[in-house]
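The values are calculated or read from the model by the stated rules, or taken from the named source; none is laboratory data. All values derive from a computational prediction rather than experimental measurement. Glycine also receives a Cβ, built like all others from the backbone with ideal geometry; neighbour counts cover every protein chain displayed. SASA here: full protein model, heavy atoms, side chains in, ligands and nucleic acids out. Shrake-Rupley method; radii C 1.70, N 1.55, O 1.52, S 1.80 Å.
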Amino acid sequence: MEINLISDTVTKPSPEMLKAMFNAKVGDDVFKQDPTVNEFERIVADLFGMEAALFFPSGTMANQTAIKLNTNPGDQIICDKWSHIHLYESGGASANSGVNFNLLDGKRGMITADMVKEGINDPEFYHTPFSKMVGIENTTNKGGGACYELEELQKIKQVCVDNNLKYHLDGARLWNAMIAKKQHPKQFGALFDTISVCFSKGLGCPVGSVLLSDKETIKRALRIRKIFGGNMRQAGYLAAAGIYALQNNINRLEEDHNRAKELGKQLEQCSWVKIVEPIETNIIIFSPIESVSDTEIIDKLKQKGISISLMSKGKLRIVTHLDYRQIMHEYVLETLSKLTF
Ligand SMILES: *Cc1c(COP(=O)(O)O)cnc(C)c1O
């Protein structure tokens, strides 16, 4: 048995999803003539109660477009030090938009309204970069799938309004957050200027992210996506997967979360595990005791057919997902319980 727990991006389209893709009506989306892409963008925009949406080939491109929409060169983005837009987009924010970061020292990738307020540069003091955008990540990737209380996001929104800051949500795993916290897409749509959501992670699509905003902003986003080379032609085949995922793969995220918690409980029983970070969604981050190295654990599990990944030195990551089934879960729990060093 091969069990891949390195990320929720490893999922493959199910036969039912493939059937939906195969049957999609398509056209040339560069001329905005792909009916399935148009329908998908409409559905996602309505779901969030936002005016418009645009389909992207990746979450990175959707985030990079949002940054370009919300800033000018020289401006500063305020976000947590572990943010994907800072750490894992290959320096795109500076390469594409010429912006820099004020990195806040949040908890598990999450920041607070007070920290944001503290992090804003005085716009009259012309020596410092102009604070222009706050970037939120929910759930947090490096923070181990932690997710925000809506109340804190509302407080941060108020700080943004008071200080003329754009408010962007990197919601690659927002679906997981909404399931875990019983929140609704419209609650997020009402808060943020721009939101990116990913379909190729927990929702199991092969490709695709969507950027949400108001009509004017999405019109500008269309041009930026073109500049970034993100136009796709008969993309309806991919959008059909997104529509299928919205209808079938959201509520089941709860299963991934439950399995993640069960894995966490098992890891806590293991003598070779020092810390298991709190588990809120589908990401488990744990640290081994000093006498056991990261690679020893990864290698030993690999020999048993289980792949997990290294998040950073001393921190290992397991991610549960759609293709991680109960039978695999039972095998992994048993394997972990028997593993010794
Ligand atoms: C995966 C991810 C993205 C986007 O990644 P792509 O691989 O470009 O789709 C953005 N933000 C976070 C937090 C992510 O985990």
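Tabulated data for the structure shown
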quantity	calculated
Three semi-axes of the equivalent ellipsoid, region 252-338, Cα gyration tensor, whole Å, largest first	20, 14, 12
Accessible area expressed per residue, region 33-82, with surrounding protein chains retained (probe 1.4 Å, Å²)	31
Low-density loop positions, GluC sites (Glu not before Pro), region 116-185 - DSSP coil, at most 14 other Cβ in 10 Å	124, 149
Kyte-Doolittle mean at least -1.0, axial Cα span of 30 Å or more - DSSP H helices of the chain	none
Loop sites in region 1-41: GluC sites (Glu not before Pro), DSSP, at most 14 other Cβ within 10 Å	2
Accessible area of region 83-160 divided out per residue, in Å², using a probe of 1.4 angstrom	47
Residue with peak Gaussian network fluctuation, the chain [Cα springs, cutoff 10 Å], from 63, 141, 121	121
Rounded to 5, percent antiparallel among DSSP beta bridges of the chain	50
Loop-located chymotrypsin sites (Phe, Trp or Tyr not before Pro) in region 1-90, at most 16 other Cβ atoms within 10 Å (DSSP)	88
Flagged links, alpha-carbon separation over 21 Å, of 261/313; 261/338; 32/186; 68/219; 19/201	261/313; 32/186
Max mean-square fluctuation residue, GNM over the chain, Cα-Cα springs under 10 Å, options 140, 60, 281	60
Prolate/oblate/rounded label for region 152-260 (Cα gyration tensor, a/c 1.5)	oblate
Longest segment of the chain lacking trypsin sites (Lys or Arg not before Pro) that sit in a DSSP loop with at most 14 other Cβ atoms within 10 Å	33-181
Candidates 86, 184, 321: whichever shows maximal mean-square fluctuation once the chain is modelled as a Gaussian network with Cα springs under 10 Å	184
Three-way shape label, the chain, alpha-carbon gyration tensor, a/c 1.5	oblate
Cα gyration tensor, region 57-109 - rounded (a/c under 1.5), prolate or oblate	oblate
Mean separation of Cα contacts under 8 Å, 6 or more apart, over the residue count of region 264-341: relative contact order %	31
Carbon/sulfur fraction of accessible area - the chain, other protein chains in place, 1.4 Å, %	52
